[in-house]
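The values are calculated or read from the model by the stated rules, or taken from the named source; none is laboratory data. All figures in this text were calculated on a predicted structure; none of them were measured in a lab. Cβ placement follows ideal geometry from the backbone for every residue including glycine, while neighbour counts extend to all protein chains displayed.
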Amino acid sequence: MAPTEKYVLVAGGAGYIGSHTALELLLAGYKVVVVDNLCNSSEEAVRRVGELAGCDVPFYAIDLRDKEALDAVFAKYDIDAVLHFAGLKAVGESTKLPLEYYDSNVGGSIALLKTMAKHAVPKIVFSSSATVYGDVTRFENMIPIPEECPTGATSPYGHTKLIIEDILRDAATADSNLKVAILRYFNPIGAHPSGRIGEDPLGVPNNLLPYIAQVAIGRRARLQVFGDDYVGSPDGTPLRDYLHVVDLAKGHLAALAKLDSVASTVPGEGYMREWNLGSGKGSTVFQIIHAFEAATGKTIPYDIVGRRAGDVLNLTAKATRANKELNWAVTLSIEDACRDLWHWTTMNPYGYGKQPE
Ligand code: NAD
Ligand code: UD1
């Protein structure tokens with residue numbers, strides 16, 4: 001699709017990855033409409049995306065499960081593709097509130113797909129996660145992880161991602177006009193280099209980099225390192241494939257371009273394929289702490305504590321499928337991401353919100 005003709009609907013576009021992707025779309029000449037129920041985000045992010053892109057971004061504060069409200073947006077805009085970021089994403093919380101996770105993630109996705117079908121919208125790019133692979137040390141020689149690795153999620157959150165992948169696969173099989181890209185993200189980090197948009201977790205951050213940033217800015221005293229006794233890690237801490245959120249955002253434009261260029265290979269069926277989005281390189285927790293310290297000049301005090309339930313030794317992507325088929329690869333380093341995270345944090349120490357009294 002030529003970028004300027006029709007709209008891309010960004011579901012969950014007020015959130016961390018969705019806001020960065022909406023900006024990249026606008027900068028590349030796409031027209032964007034954002035829907036988000038704001039359960040984990042702020043409308044201010046969308047306003048700032050518009051400010052950075054030099055335009056107003058149409059925004060609708062609606063839940064995907066609100067079919068009438070969603071239908072009205074699809075009726076109003078000529079939508080050619082959907083980027084689907086909307087969902088709940090905290091692994092630990094999902095074990096406490098599984099029904100909320102199934103309802104919002106799976107229910108929201110079904111409502112979105114039905115509305116797309118009603119309005120004959122032919123393309124969707126879905127935010128899946130490396131968490132669908134589970135603990136790949138259950139297999140021999142499966143790291144770095146290829147897309148062919150058997151899936152095996154270990155949390156309700158991960159199960160919702162797998163269920164949505166299956167729903168998308170079945171929908172594409174049944175509808176010859178539907179093209180689906182499943183993007184399995186590894187660990188996005190950092191913020192836009194402008195310092196205007198970034199990650200703004202509610203409450204105590206679950207993820208490593210937001211926690212480190214809050215220690216560095218003085219909001220939290222010390223980092224807890226969840227275990228340094230992992231056999232198979234160079235320093236005993238788990239390995240993850242961290243990638244800059246702007247690189248990740250650009251992966252969505254690459255996926256959209258791919259969907260434009262492919263045709264189904266099975267008569268009567270649509271198209272669907274999975275791609276890992278990662279750097280292909282694993283880093284330990286200590287390596288990340290040191291990279292942040294080197295990039296910012298701050299010291300991060302930490303304590304080694306017990307392992308976090310559900311953590312696995314190594315989630316590192318085999319990224320060659322995306323490199324070859326999407327013509328996409330990371331261009332930014334972990335140091336770039338730490339520098340940009342710090343810029344965002346110093347400019348917005350309380351995220352999009354105000355400092356508490
Ligand atoms: P985020 O929470 O910042 O963004 C998700 C957005 O969706 C939020 O703005 C939230 O308000 C909105 N939302 C949630 N449920 C909704 C619903 N029912 N209707 C409408 N809007 C709804 O999270 P993120 O980090 O930007 O993640 C985006 C997507 O990528 C999620 O689907 C997440 O599971 C997936 N993902 C994220 C990571 C990561 O490390 N951040 C890794 C792998 C996959
Ligand atoms: C977690 C989720 C994963 C999700 C991803 C992105 C789990 C088990 N997995 O991945 O499903 O897709 O977030 O949202 O929750 N760490 C610390 N101290 C901290 C925080 C993290 O030592 O305060 C360590 C963790 O043990 C891990 C690494 O840092 O080894 C990265 O953790 P995190 O940022 O939470 O990402 P994942 O666990 O990879």
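Could you tell me which of the residues CYS55, CYS39 is modelled with pLDDT of 95 or more and away from ligand 1 (no atom under 11 Å from the Cβ)?
It is CYS55.
Taking the condition of being of a type in the set (Phe, Trp, Tyr) and either in contact with a Lys or Arg (Cβ under 7 Å, 6 or more places away or on another chain) or over 20 Å from LEU259 (Cβ atoms) (or both), how many residues in the stretch 104-139 meet it?
Residues that pass the stated criteria total 2.
Okay, residues lined up against (1) at pLDDT below 95; (2) small (Gly, Ala, Ser); (3) away from ligand 1 (no atom under 14 Å from the Cβ):
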{"position": "PRO150", "(1), (2), (3)": "no, no, yes"}
{"position": "LYS161", "(1), (2), (3)": "no, no, no"}
{"position": "SER194", "(1), (2), (3)": "no, yes, yes"}
{"position": "LEU202", "(1), (2), (3)": "yes, no, no"}
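Does the stretch 30-44 contain any residue that is over 24 Å from ALA337 (Cβ atoms) and within 16 Å of ligand 2 (Cβ to nearest atom)?
Yes: one or more hits.
Mind checking which residues of the stretch 306-345 are on the phi > 0 side of the Ramachandran plot and either aromatic (Phe, Trp, Tyr) or at pLDDT 95 or above (or both)?
Hit for the stretch 306-345 is ASN327, nothing else.
Grab the helices (runs of 4 or more DSSP H) fully contained in the stretch 205-312, keeping just those with 2 or more residues being within 9 Å of ligand 2 (Cβ to nearest atom) and either free of Cβ contacts under 8 Å to residues at least 40 places away in the same chain or crowded, with 20+ Cβ neighbours inside 10 Å (or both).
Result: 208-216, 285-296.
Residue-wise test of (1) within 14 Å of ligand 1 (Cβ to nearest atom); (2) farther than 20 Å from TYR16 by Cα; (3) out of contact with any helix residue (DSSP H, G or I) (no Cβ under 6 Å at 6 or more places or on another chain).
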site: GLU93; (1), (2), (3): yes, no, yes
site: LEU97; (1), (2), (3): yes, yes, yes
site: GLU100; (1), (2), (3): yes, yes, yes
site: ASP103; (1), (2), (3): yes, yes, yes
site: SER109; (1), (2), (3): yes, no, no
site: MET116; (1), (2), (3): no, yes, yes
site: ALA120; (1), (2), (3): no, yes, yes
site: SER127; (1), (2), (3): yes, no, yes
site: PRO144; (1), (2), (3): no, yes, yes
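Being part of a helix (DSSP H, G or I) and surrounded by 20 or more Cβ atoms within 10 Å (Cβ to Cβ) is the filter here; which residues of the stretch 25-60 pass it?
Hits for the stretch 25-60 are LEU25, LEU26, ALA45, VAL46, ARG48, VAL49.
Select, from THR131, THR160, THR115, THR154, the only residue that is among the β-branched types (Val, Ile, Thr), out of contact with any strand residue (DSSP E or B) (no Cβ under 7 Å at 6 or more places or on another chain), over 30 Å from LYS281 (Cβ atoms) and surrounded by 16 or more Cβ atoms within 10 Å (Cβ to Cβ).
The match here is THR115.
Take SER19 and decide whether it is within 16 Å of ligand 2 (Cβ to nearest atom), modelled with pLDDT of 95 or more, among the hydroxyl-bearing types (Ser, Thr, Tyr) and outside any loop (DSSP other than H, G, I, E, B).
Against the criterion (within 16 Å of ligand 2 (Cβ to nearest atom), modelled with pLDDT of 95 or more, among the hydroxyl-bearing types (Ser, Thr, Tyr) and outside any loop (DSSP other than H, G, I, E, B)), SER19 qualifies.
What are the residues in the stretch 329-348 that are more than 13 Å from ALA291 (Cα to Cα), in contact with a strand residue (DSSP E or B) (Cβ under 9 Å, 6 or more places away or on another chain) and crowded, with 23+ Cβ neighbours inside 10 Å, if any?
Answer for the stretch 329-348, where residues must be more than 13 Å from ALA291 (Cα to Cα), in contact with a strand residue (DSSP E or B) (Cβ under 9 Å, 6 or more places away or on another chain) and crowded, with 23+ Cβ neighbours inside 10 Å: just VAL330.
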